[in-house]
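Asks: Could you have a look at this structure, given as structure tokens, before my questions?
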Number of protein chains: 2
Amino acid sequence: MQTTLKRRETMHRLCGKGLEIFNEKGYYNTSLDDILQELSLSKGAFYHHFKSKEDYFINIVQNLIVQKVYALLIEPLDTNENPIPVIVESLENALEPGKKNEMAYGFMLNDFLTEFNKRNEEISGYLKNIISVWEVNLVAVLKRGKVDGHIARHIDCEGAATYIIASYLGMRSLMTDSTNRQLKYQYIQQLKQYFKSISATQITA
Amino acid sequence: MQTTLKRRETMHRLCGKGLEIFNEKGYYNTSLDDILQELSLSKGAFYHHFKSKEDYFINIVQNLIVQKVYALLIEPLDTNENPIPVIVESLENALEPGKKNEMAYGFMLNDFLTEFNKRNEEISGYLKNIISVWEVNLVAVLKRGKVDGHIARHIDCEGAATYIIASYLGMRSLMTDSTNRQLKYQYIQQLKQYFKSISATQITA
DNA sequence: AAACAAACCGACTTATGGGTCGGTCAAATG
DNA sequence: CATTTGACCGACCCATAAGTCGGTTTGTTT
């Protein structure tokens, strides 16, 4: 059926452009007209597909953002290698603004989390959920690291995961300019330093 | 003159309550009427003292927030002791919601930084400036730590300061509920772990 | 081709919230 | 006591933006 395809395609275009602009300017600072104008669509078209701006954004979160976080931060953890370089690499990669003018997905989470934290509990919940899944996976991979002898026995994996996530999210507030290589480099260096301190092999300082 | 005193007092009340509510609900999600109603003041009174909402908030930043950040995060660094426990203690303290229903100042910075990042360059600038002063002081105290033999020689102090700040700011996104002792505990523990890795005395793992 | 439905249009409604302005009242000034 | 000035009042103005709705176009079905 062509009509169903048309529906999908328009919704897809709306979500893609929406994420792009929300990410750029923030959710509450972006009007639907801002997005609609970019796509040459009307209010009518929008409300034909989504029941509200909120519903629209939830759609974006549950599809695009979840998907991207999985791809960038969670799936890479699924190996049997030493988890430490794997985690470092995934974070490094997530902070990288996409190769061909893609978005810097590494930034989205902290921005949206903060924006919705005090304003919309439902959306806030979805976002926290993403973090929570990420955390669970980090904990799992760290624990496996213990078993495999890569991570020191006495380390609190839950605490370590929290700490890793916090430092990652916090980098966003410092990196106004997403292309700041200096800050990114510093972050990765210190992260490695931290990892050395929780690794099983003694430091050769 | 009594009138001048009256002026000061009203402005002071406005700024205090403003910070409280902005911190609770966010700047853009708080209307002037929200604040004015709490203080039983009118629009007229407000605009008699401040030329705009923006001007008002800049006032709050430059007075109240700057002052609090200095008191909580910067001044404590000014000792000759081993910087590591000093820094840890200051962060621990800053994450603590004030004893008698004061605000959790540790949270404000990340929230406001993110909120203004894409919306108001001027306010953004003032906030980043605060972070920058903090960073400078952290770097200084870390460097002194090297000289005094508390911190390992090979450590990049600028990078370490950045990393400390990032993890601190990022905790805010995780601690929705400012009284979450579990998360705070985890954070402090891992922070100490990190500090062990940059300290001059070898780890006794 | 007729009938129907889905996709889309855009003017309109409504609520919100920053900012204005003419005015009141009380304290300071002379 | 008369006048001025600073603090404050609150109705009003106006821009923005979410959401509505009656209508048009386009595609599908019979």
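The values are calculated or read from the model by the stated rules, or taken from the named source; none is laboratory data. It should be emphasised that the depicted structure is a prediction, and the values quoted were computed from it without experimental measurement. Reconstructed Cβ throughout: ideal geometry from the backbone, glycine too, with neighbour counts over all protein chains shown. These area figures cover heavy atoms from the full protein model, side chains too; ligands, DNA and RNA do not enter into them. Shrake-Rupley method; radii C 1.70, N 1.55, O 1.52, S 1.80 Å.
Asks: Hey, does segment B:102-114 have a residue that's within 12 Å of chain A (Cβ to nearest Cβ), over 19 Å from B:Glu24 (Cβ atoms), under 18 Å from the mean Cα position of the chain (by Cα) and of a type in the set (A, V, I, L, M, F, W, C)?
Replies: No - not one qualifying residue is present in segment B:102-114.
Asks: Do any helices (runs of 4 or more DSSP H) lying entirely in segment B:44-136 carry at least 1 residues that are within 16 Å of DNA strand C (Cβ to nearest atom), and which ones are they? Steps first, answer last, please.
Replies: Numbers: elements: B:53-60, B:66-69, B:83-95, B:105-117.
Filter on segment B:44-136 gives B:53-60, B:105-117.
Asks: Any chance segment B:164-180 includes a residue that's at pLDDT 95 or above and more than 7 Å from chain A (Cβ to nearest Cβ)?
Replies: So far as segment B:164-180 goes, yes, one or more of its residues are at pLDDT 95 or above and more than 7 Å from chain A (Cβ to nearest Cβ).
Asks: Let me ask another. Filter segment A:147-160 down to the residues that are touching a helix residue (DSSP H, G or I) at 6+ places or on another chain (Cβ under 7 Å) and open to solvent by less than 50 Å² (accessible area, probe 1.4 Å) and list them by number.
Replies: Start the filter on segment A:147-160 by keeping residues that are touching a helix residue (DSSP H, G or I) at 6+ places or on another chain (Cβ under 7 Å), which leaves A:150-153, A:155-160.
Of everything in segment A:147-160, those that are touching a helix residue (DSSP H, G or I) at 6+ places or on another chain (Cβ under 7 Å) and open to solvent by less than 50 Å² (accessible area, probe 1.4 Å) turn out to be A:Ile151, A:Ala152, A:Ile155, A:Cys157, A:Gly159, A:Ala160.
Rundown of residues vs (1) among the β-branched types (Val, Ile, Thr); (2) in contact with a Phe, Trp or Tyr (Cβ under 7 Å, 6 or more places away or on another chain); (3) over 29 Å from A:Phe116 (Cα atoms); (4) assigned by TED's automatic domain parsing to the domain that holds B:Ile131, yes/no style:
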| site | (1), (2), (3), (4) |
| --- | --- |
| B:Thr10 | yes, no, yes, no |
| B:Cys15 | no, no, no, no |
| B:Thr30 | yes, yes, no, no |
| B:Ile35 | yes, no, no, no |
| B:Val61 | yes, yes, no, yes |
| B:Val69 | yes, yes, no, yes |
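Asks: Ok, one more. From the list A:Glu158, A:Glu92, pick out the single residue that is more than 13 Å from chain B (Cβ to nearest Cβ) and among the acidic types (Asp, Glu).
Replies: A:Glu92
Asks: So, one more: I'd like the full set of residues that are out of contact with any helix residue (DSSP H, G or I) (no Cβ under 7 Å at 6 or more places or on another chain) and within 8 Å of DNA strand C (Cβ to nearest atom), limited to segment A:9-40.
Replies: A:Glu9, A:Ser40
Asks: With the condition kept exactly as written, say whether any residue in segment B:178-193 is of a type in the set (A, V, I, L, M) and open to solvent by 10 Å² or more (accessible area, probe 1.4 Å). I'd like the intermediate steps shown before the answer.
Replies: Of all residues in segment B:178-193, those of a type in the set (A, V, I, L, M) come to B:183, B:188, B:191.
Add one more test, that the residue is open to solvent by 10 Å² or more (accessible area, probe 1.4 Å), and what stays is B:183.
Yes, segment B:178-193 contains at least one residue that is of a type in the set (A, V, I, L, M) and open to solvent by 10 Å² or more (accessible area, probe 1.4 Å).
Asks: Given the options B:Ala200, B:Ala166, B:Ala140, name the one that is under 20 Å from the mean Cα position of the chain (by Cα) and open to solvent by 10 Å² or more (accessible area, probe 1.4 Å). Talk me through it step by step, then tell me what you get.
Replies: Values: B:Ala200 fails: under 20 Å from the mean Cα position of the chain (by Cα); B:Ala166 fails: open to solvent by 10 Å² or more (accessible area, probe 1.4 Å).
When all the criteria are applied, what remains is B:Ala140.
Asks: Let me ask you something else. From the list B:Gly44, B:Gly16, B:Gly26, which residue is surrounded by fewer than 16 Cβ atoms within 10 Å (Cβ to Cβ), within 16 Å of DNA strand D (Cβ to nearest atom) and under 21 Å from the mean Cα position of the chain (by Cα)?
Replies: Step by step, each of B:Gly44, B:Gly16, B:Gly26 is checked, and only B:Gly16 is surrounded by fewer than 16 Cβ atoms within 10 Å (Cβ to Cβ), within 16 Å of DNA strand D (Cβ to nearest atom) and under 21 Å from the mean Cα position of the chain (by Cα).
Asks: Taking segment A:97-135 as the search range and keeping residues that are touching a residue at least 24 places away in the same chain (Cβ under 8 Å) and of a type in the set (D, E, K, R), which one is farthest from A:Val69 (Cα to Cα)?
Replies: Taking segment A:97-135 as the starting set, the residues that turn out to be touching a residue at least 24 places away in the same chain (Cβ under 8 Å) are A:97, A:103-113, A:115-116, A:119-120, A:122-123, A:126-127, A:130-131, A:133-135.
Pick out the ones that are also of a type in the set (D, E, K, R) and you get A:111, A:115, A:119, A:122, A:135.
On the way: A:Asp111: 14, A:Glu115: 18, A:Arg119: 23, A:Glu122: 19, A:Glu135: 12 Å.
Among those that are touching a residue at least 24 places away in the same chain (Cβ under 8 Å) and of a type in the set (D, E, K, R), it is A:Arg119.
Asks: Related question: Got a sec? Which of A:Glu135, A:Glu121 is under 14 Å from the mean Cα position of the chain (by Cα) and more than 7 Å from chain B (Cβ to nearest Cβ)?
Replies: Numbers: A:Glu121 fails: under 14 Å from the mean Cα position of the chain (by Cα).
Criteria check complete, one pass: A:Glu135.
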